[in-house]
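Colleague: Following this message is one structure expressed as structure tokens.
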């Protein structure tokens, strides 16, 4: 058996997809998860509750590191124990091996931006001002990652969908779209996983920060109307660009790095939606 060369800290739906893509490229992947038995082969699952304990890592010849944690519920306490304390424990375990990754990616969130005027197309240069406790913990995790993983890359993802995520579909089907003018930003989970792998494996070293989102910020009413037509659901209130509010995000830097989304907008992303 090949000695593992990838450490995956967090193996939820996104992390699992990243791990499987790397395994398909010939990498051996160790995946840390609360219940390691749920990690699919050929990934090597390690059971650990990072909110409470430092993991015991198997022998590795470390090359790549991915941190893709998930916190529940959306509270400051949960985000601190998972994204900040949990990641620190995983990095403590890595320190004990005396190995540093050649490439490393931390999956963060565009929630760190807080409130940005819709007249601005927010990108990596936009100042961050988290609006709540979870956002502040995510930003603190980014800072910890930068301090402890020299040369690492932070990928801030917008709202993920796909792979069984039906929240918006359920809202449209049940007629619960009550803010059609809000600007929204999204990314198919497939494209997010592909972006992580791209940054880990591209020939040139990646930059320290990227925003991960699709090509087209869209008002919620427009997305809901598209879904309502596919679902045969009640037509939601129409969007009005003049009343638009909320942030709009740019993926220009990620695009310029060579990444190309398979699902450039909500239309491609939800194209296979059925009633």
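Colleague: Condition (residue is in contact with a helix residue (DSSP H, G or I) (Cβ under 6 Å, 6 or more places away or on another chain), surrounded by 13 or more Cβ atoms within 10 Å (Cβ to Cβ) and modelled with pLDDT of 95 or more) applied to the range 197-208: is it met by at least one residue?
Modeller: Taking the range 197-208 as the starting set, the residues that turn out to be in contact with a helix residue (DSSP H, G or I) (Cβ under 6 Å, 6 or more places away or on another chain) are 197, 206.
Going one step further and asking which of them are surrounded by 13 or more Cβ atoms within 10 Å (Cβ to Cβ), we end up with 197, 206.
After this cut, where a residue has to be modelled with pLDDT of 95 or more as well, the list is 197, 206.
So far as the range 197-208 goes, yes, one or more of its residues are in contact with a helix residue (DSSP H, G or I) (Cβ under 6 Å, 6 or more places away or on another chain), surrounded by 13 or more Cβ atoms within 10 Å (Cβ to Cβ) and modelled with pLDDT of 95 or more.
Colleague: Regarding residue 104, is this residue part of a helix (DSSP H, G or I), surrounded by 16 or more Cβ atoms within 10 Å (Cβ to Cβ), at negative phi and touching a strand residue (DSSP E or B) at 6+ places or on another chain (Cβ under 8 Å)? Give the derivation first.
Modeller: Values: part of a helix (DSSP H, G or I): no; surrounded by 16 or more Cβ atoms within 10 Å (Cβ to Cβ): yes; at negative phi: yes; touching a strand residue (DSSP E or B) at 6+ places or on another chain (Cβ under 8 Å): yes.
When the stated conditions are applied, residue 104 does not pass them.
Colleague: A follow-up question, please. State the number of residues belonging to the range 223-240 that are in contact (Cβ under 8 Å) with a residue 40 or more places away in the chain and either part of a helix (DSSP H, G or I) or touching a strand residue (DSSP E or B) at 6+ places or on another chain (Cβ under 6 Å) (or both). I'd like the intermediate steps shown before the answer.
Modeller: Of the residues in the range 223-240, the ones in contact (Cβ under 8 Å) with a residue 40 or more places away in the chain are 223-224, 226-228, 230-234, 236-240.
Those still in the list that are either part of a helix (DSSP H, G or I) or touching a strand residue (DSSP E or B) at 6+ places or on another chain (Cβ under 6 Å) (or both) too: 223-224, 226-228, 230-231, 239.
Number satisfying all stated conditions: 8.
Colleague: Also, quick follow-up: State all residues of the range 212-222 that are closer than 10 Å to residue 184 by Cα and touching a strand residue (DSSP E or B) at 6+ places or on another chain (Cβ under 7 Å); if no residue qualifies, say none.
Modeller: Hits for the range 212-222 are 217, 218, 219, 220.
Colleague: So, in the range 57-87, how many residues would count as being within 18 Å of residue 148 (Cα to Cα) and in a helix (DSSP H, G or I)?
Modeller: The number of residues fulfilling the criteria is 8.
Colleague: Can you name the residue in the range 143-168 that is part of a helix (DSSP H, G or I) and buried (at least 19 other Cβ atoms within 10 Å of the Cβ) and is also modelled with the highest pLDDT among such residues? Let's see the steps before the verdict.
Modeller: Initially, the range 143-168 is screened for residues part of a helix (DSSP H, G or I), giving 143-148, 167-168.
Applying the additional criterion that residues be buried (at least 19 other Cβ atoms within 10 Å of the Cβ) yields 145, 168.
Working: 145: 98, 168: 93.
So the residue we want is 145.
Colleague: If you take the residues of the range 253-265 that are part of a helix (DSSP H, G or I) and within 17 Å of the chain's Cα centre (by Cα), which of them is surrounded by the most Cβ atoms within 10 Å (Cβ to Cβ)? Give the steps one after another, and end with the answer.
Modeller: Filtering the range 253-265 for residues part of a helix (DSSP H, G or I) gives 253-256.
In the following step, the residues that additionally are within 17 Å of the chain's Cα centre (by Cα) were identified as 253-255.
Working: 253: 17, 254: 25, 255: 14.
Once the filter is applied, the top-ranked residue is 254.
Colleague: Part of a helix (DSSP H, G or I), surrounded by fewer than 18 Cβ atoms within 10 Å (Cβ to Cβ) and touching a strand residue (DSSP E or B) at 6+ places or on another chain (Cβ under 9 Å): is that true of residue 131 in this structure? Show your work before the answer.
Modeller: Working: part of a helix (DSSP H, G or I): no; surrounded by fewer than 18 Cβ atoms within 10 Å (Cβ to Cβ): yes; touching a strand residue (DSSP E or B) at 6+ places or on another chain (Cβ under 9 Å): yes.
No, not satisfied.
Colleague: Which residue pairs have Cβ atoms under 7 Å apart, sit 6 or more places apart or on different chains, and have a first residue in the range 246-258 that is on the phi > 0 side of the Ramachandran plot and a second that is assigned to a loop (DSSP other than H, G, I, E, B) and surrounded by fewer than 16 Cβ atoms within 10 Å (Cβ to Cβ)?
Modeller: So the pair list comes out as 258/202.
Colleague: A follow-up question, please. Looking for whichever is closer than 30 Å to residue 229 by Cβ and without any contact (Cβ under 8 Å) to a residue 12 or more places away in the chain here; the options are 215, 170. Which one fits? Even if it seems obvious, please write down each step before you answer.
Modeller: Working: 215 fails: without any contact (Cβ under 8 Å) to a residue 12 or more places away in the chain.
It is 170.
The values are calculated or read from the model by the stated rules, or taken from the named source; none is laboratory data. On a predicted model such as this, the values are computed, not experimentally measured, just so you know. Cβ: placed from backbone, ideal geometry, glycine included. Neighbour counts: every protein chain shown.
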